[in-house]
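Heads up: the structure comes next, in structure tokens.
The values are calculated or read from the model by the stated rules, or taken from the named source; none is laboratory data. Note that the coordinates shown come from a computational prediction; the quantities given were computed from them, not determined experimentally. When we count neighbours, we look across all protein chains shown, and the Cβ atoms used for this are built from the backbone with ideal geometry, even at glycine.
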Amino acid sequence: MSKETTFMHAHPSEKSPTVSTAARVYRYVATAVLAMLFFAGCTQGTTGIFADIEQEVKVRTNNLVDNTFVAGVARANVDGTERYYAVAGTKLFSRDVDGNDWSGAGAPSSRPVVQYVASINGTELYAVFRESEKDNYGLYKLDDGSWNLVFDPGDQDAGQPEVD
């Protein structure tokens with residue numbers, strides 16, 4: 001026969017529930033096991049997870065425009081240098097494949113806003129640039145560090161773009 005514990009209630013007409021000693025021991029053991037699992041799960045190696053968070057280190061920096069949408073990325077070997085080109089916001093940025101620092105890749109002065117970038121065969125880089133507030137846009141190719149107009153849809157005599 002097991003011992004029982006009676007709980008007192010504020011109202012005498014309510015039946016008092018009883019909890020056996022074995023049930024109380026089971027609850028204590030289950031709580032202790034859950035606590036051990038919780039704290040054991042929060043460790044990694046010799047330090048706890050909270051110590052690791054406190055010692056958090058920034059892994060990699062990025063100097064692209066903060067809080068901006070990257071609309072496209074291309075990889076091309078233009079002028080003998082393997083680079084990534086990224087459309088971030090309204091600008092075109094580039095960096096060496098092995099590098100970490102992004103820099104502006106320039107734009108035609110008449111059309112400073114970039115919309116798309118693409119690489120063909122990994123050696124040619126094309127981009128679509130437009131005016132700031134207008135639909136006036138054109139397809140450009142990067143040659144020797146400068147953007148050369150390949151196709152201007154506003155030029156009625158231009159015909160189809162010529163792509164090497």
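Couple of notes before you dig in:
- Qualifying residue in region 47-56 (condition: surrounded by 11 or more Cβ atoms within 10 Å (Cβ to Cβ), within 19 Å of residue 129 (Cβ to Cβ), at pLDDT below 90 and of a type in the set (A, V, I, L, M, F, W, C)): no
- The residue that is farthest from residue 148 (Cα to Cα), among those in region 124-137 that are touching a strand residue (DSSP E or B) at 6+ places or on another chain (Cβ under 8 Å) and at pLDDT below 90, is 132.
- From the options 116, 84, residue that is touching a residue at least 12 places away in the same chain (Cβ under 8 Å), hydroxyl-bearing (Ser, Thr, Tyr) and over 16 Å from residue 148 (Cα atoms): 84
- Among the candidates 64, 92, the residue that is at pLDDT below 75, of a type outside the set (Phe, Trp, Tyr), within 30 Å of residue 143 (Cα to Cα) and surrounded by 12 or more Cβ atoms within 10 Å (Cβ to Cβ) is uniquely 64.
- Scanning region 87-107 for residues that are over 21 Å from residue 148 (Cβ atoms) and not in a loop (DSSP other than H, G, I, E, B) yields 88, 95, 96.
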